[in-house]
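**Student:** Structure provided below as structure tokens; questions to follow.
The values are calculated or read from the model by the stated rules, or taken from the named source; none is laboratory data. Keep in mind the model is a prediction, meaning the values are calculated, not measured. Cβ: placed from backbone, ideal geometry, glycine included. Neighbour counts: every protein chain shown. The area values use the complete protein model at the heavy-atom level, side chains included, leaving out ligands, DNA and RNA. Shrake-Rupley method; radii C 1.70, N 1.55, O 1.52, S 1.80 Å.
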Amino acid sequence: MAQGLLIIWHSRTGASQAMACAAHAGAMTELGSRLSSAEETSPADMLESAGYLFCFPENLGSMSGEMKAFFDRSYYPLLGQLEGRPYASIIAAGSGGDGAQLQLDRIVTGWRLRRVAEAMIHCTTAQTPEAILAPKTVSDEVLQACHSLGQGIAAGMSLGVF
Ligand SMILES: Cc1cc2nc3c(=O)[nH]c(=O)nc-3n(C[C@H](O)[C@H](O)[C@H](O)COP(=O)(O)O)c2cc1C
């Protein structure tokens, strides 16, 4: 039987990874939660999990290539098998994020996943090439929001609300 929350992440400069870890820590207080990089997540991992949190950066106006590759690999093997399962998302962006957000929502509509928490987009405000490519530090306040998001989804799942 499918169980627990699977947090699937990709990060180029560290922000999404830090936010995924914070959400994982929050979810662990309520329910089984697993962190899995987009590169390593298989369709079997998806089938074994009861809900999903996608955490990744916007790159060039859409989801990062590694995250897209995960969906390209998994979409048809899982089509028709995840109907109604809950999902949420955390996106790291410089100043945008909406393109990646919309792309995610369109893809998982095909799987008939159900969004159970408002989309979270964290903008780092990096503008120059140097700042964009530099390793990122995420504030405690944002990490706390990610922790709460993970905890809230996991609580909803364990109570059967989602
Ligand atoms: C190749 C590349 C393309 C990017 N394109 C966008 C973009 O289209 N919109 C945006 O808001 N930020 C863009 N960014 C900024 C990242 O989304 C931002 O720095 C984010 O915090 C990175 O998350 P990460 O540390 O998890 O990789 C881009 C960064 C890179 C490296």
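**Student:** Go through (1) touching a strand residue (DSSP E or B) at 6+ places or on another chain (Cβ under 8 Å); (2) more than 11 Å from the ligand (Cβ to nearest atom); (3) among the polar types (S, T, N, Q) one by one and return the number of the condition SER148 breaks.
**Tutor:** Answer for SER148: the failing condition is (1).
**Student:** State all residues of region 106-117 that are in a strand (DSSP E or B) and free of Cβ contacts under 8 Å to residues at least 40 places away in the same chain; if no residue qualifies, say none.
**Tutor:** Here is the first cut: in region 106-117, the residues in a strand (DSSP E or B) are 114-115.
Of everything in region 106-117, just one residue is in a strand (DSSP E or B) and free of Cβ contacts under 8 Å to residues at least 40 places away in the same chain, namely ARG115.
**Student:** With the requirement that a residue be more than 13 Å from the ligand (Cβ to nearest atom) and touching a residue at least 24 places away in the same chain (Cβ under 8 Å), what does region 131-142 give you? Reasoning before the result, please.
**Tutor:** We begin by selecting, within region 131-142, every residue more than 13 Å from the ligand (Cβ to nearest atom); these are 140-141.
Selection gives nothing.
**Student:** Here's another thing I want to ask about it. Please count how many residues of region 118-162 are surrounded by fewer than 19 Cβ atoms within 10 Å (Cβ to Cβ) and assigned to a loop (DSSP other than H, G, I, E, B).
**Tutor:** 13
**Student:** Restricting to helices (runs of 4 or more DSSP H) lying wholly in region 1-105: which have 2 or more residues that are at pLDDT 95 or above, open to solvent by 50 Å² or more (accessible area, probe 1.4 Å) and within 14 Å of the ligand (Cβ to nearest atom)?
**Tutor:** Numbers: elements: 15-28, 43-48, 65-78.
Of the helices (runs of 4 or more DSSP H) lying wholly inside region 1-105, those with at least 2 residues that are at pLDDT 95 or above, open to solvent by 50 Å² or more (accessible area, probe 1.4 Å) and within 14 Å of the ligand (Cβ to nearest atom) span 15-28, 65-78.
**Student:** Determine whether THR124 is among the hydroxyl-bearing types (Ser, Thr, Tyr) and near the ligand (Cβ under 9 Å from one of its atoms). Show your work before the answer.
**Tutor:** On the way: among the hydroxyl-bearing types (Ser, Thr, Tyr): yes; near the ligand (Cβ under 9 Å from one of its atoms): yes.
Judged against the criteria, THR124 is a match.
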